[in-house]
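Trainee: Once you've had a glance at the structure underneath, I'll fire off some questions.
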Amino acid sequence: LERFKVDVLDKDPSCVVLMGGTNDLAQGYAKDKILSNIAAMAESAEALGMSVILCSVTPCNESHASLSNPSTKGVHIIALNEMIKAYALSKGFTYCDYWTSTVAEDGLDLNPSFWLYDHLHPCPDCYTSLLEKIVKPLIDACL
């Protein structure tokens with residue numbers, strides 16, 4: 001949020017894709033505060049005439065997440081994603097669902113085939129082979 005004006009708004013893009021909340025959850029921020037920050041960025045972009053795409057947070061590995069901070073467990077990410085989706089729909093923003101394509105069979109963990117070495121974040125191949133394919137049509141529709 002602090003860098004959003006300089007890093008995004010000042011560059012005057014026509015479409016903004018926002019995916020955030022994972023690190024905020026890990027640092028113990030409340031889901032309402034995370035959504036408030038996302039809303040502030042989205043509404044700032046919209047006010048300047050930019051199209052807004054809000055993305056779901058991807059899952060992380062439950063056993064590794066619980067070691068560092070239990071608030072990054074899947075149930076909290078699911079709840080945050082529901083809040084982001086409801087907000088996006090209420091404001092007429094596009095919602096990009098990464099969760100469904102990246103969650104493991106247990107419904108909570110990141111699919112092991114997408115793990116980065118830390119078992120928490122998606123690996124680069126996940127971004128290029130999967131997430132890009134999900135968001136690109138949404139970006140194209142905004143442009």
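The values are calculated or read from the model by the stated rules, or taken from the named source; none is laboratory data. If you're wondering where the values come from, they're calculated on a predicted model, not measured in any experiment. Quick reminder, even Gly has a Cβ in these numbers, built from the backbone with ideal geometry, and neighbours come from all protein chains shown. SASA here: full protein model, heavy atoms, side chains in, ligands and nucleic acids out. Shrake-Rupley method; radii C 1.70, N 1.55, O 1.52, S 1.80 Å.
Trainee: Looking at segment 16-43 only, could you name the residues that are in a helix (DSSP H, G or I), at pLDDT 95 or above and either among the hydrophobic types (A, V, I, L, M, F, W, C) or in contact with a strand residue (DSSP E or B) (Cβ under 9 Å, 6 or more places away or on another chain) (or both)?
Mentor: Passing the criteria: Ile34, Leu35, Ile38, Ala39, Ala40, Met41, Ala42, Glu43.
Trainee: Right, next: Quick one: Leu89 ticks every box in (1) within 14 Å of the chain's Cα centre (by Cα); (2) part of a helix (DSSP H, G or I); (3) of a type outside the set (S, T, N, Q) bar one, so which box is it?
Mentor: Unmet for Leu89, out of (1) within 14 Å of the chain's Cα centre (by Cα); (2) part of a helix (DSSP H, G or I); (3) of a type outside the set (S, T, N, Q): (1).
Trainee: What's the total number of residues in segment 88-99 that are free of Cβ contacts under 8 Å to residues at least 40 places away in the same chain and polar (S, T, N, Q)?
Mentor: 1
Trainee: Does segment 102-136 hold any residues that are open to solvent by 50 Å² or more (accessible area, probe 1.4 Å), part of a helix (DSSP H, G or I) and closer than 29 Å to Ser36 by Cβ, and which are they?
Mentor: If the condition is that a residue be open to solvent by 50 Å² or more (accessible area, probe 1.4 Å), part of a helix (DSSP H, G or I) and closer than 29 Å to Ser36 by Cβ, then Tyr127, Glu132, Lys136 are the ones that fit.
Trainee: So, one more: Tally the residues that are open to solvent by 30 Å² or more (accessible area, probe 1.4 Å) and over 21 Å from Trp99 (Cα atoms), restricting the search to segment 8-40.
Mentor: 7
Trainee: Further question on the same structure: Which of the residues spanning segment 1-13 are assigned to a loop (DSSP other than H, G, I, E, B) and more than 23 Å from Lys85 (Cβ to Cβ)? Even if it seems obvious, please write down each step before you answer.
Mentor: First, pick out the residues of segment 1-13 that are assigned to a loop (DSSP other than H, G, I, E, B): 1-3, 8, 12-13.
Glu2, Arg3, Asp12 - these are the residues of segment 1-13 that are assigned to a loop (DSSP other than H, G, I, E, B) and more than 23 Å from Lys85 (Cβ to Cβ).
Trainee: Pick from Leu35, Leu48, Leu120: which is in contact with a His (Cβ under 6 Å, 6 or more places away or on another chain) and within 25 Å of Glu2 (Cβ to Cβ)?
Mentor: From the options Leu35, Leu48, Leu120, the qualifying one is Leu120.
Trainee: Show the residue pairs meeting these rules: Cβ distance below 9 Å; 6+ apart or different chains; first residue within segment 126-143 and closer than 18 Å to Cys15 by Cβ; second residue of a type in the set (Lys, Arg) and loosely packed, with under 10 Cβ neighbours inside 10 Å.
Mentor: Cβ pairs passing all conditions: none.
Trainee: Looking only at segment 44-58, how many residues end up being assigned to a loop (DSSP other than H, G, I, E, B) and surrounded by fewer than 15 Cβ atoms within 10 Å (Cβ to Cβ)?
Mentor: Residues meeting the conditions: 2.
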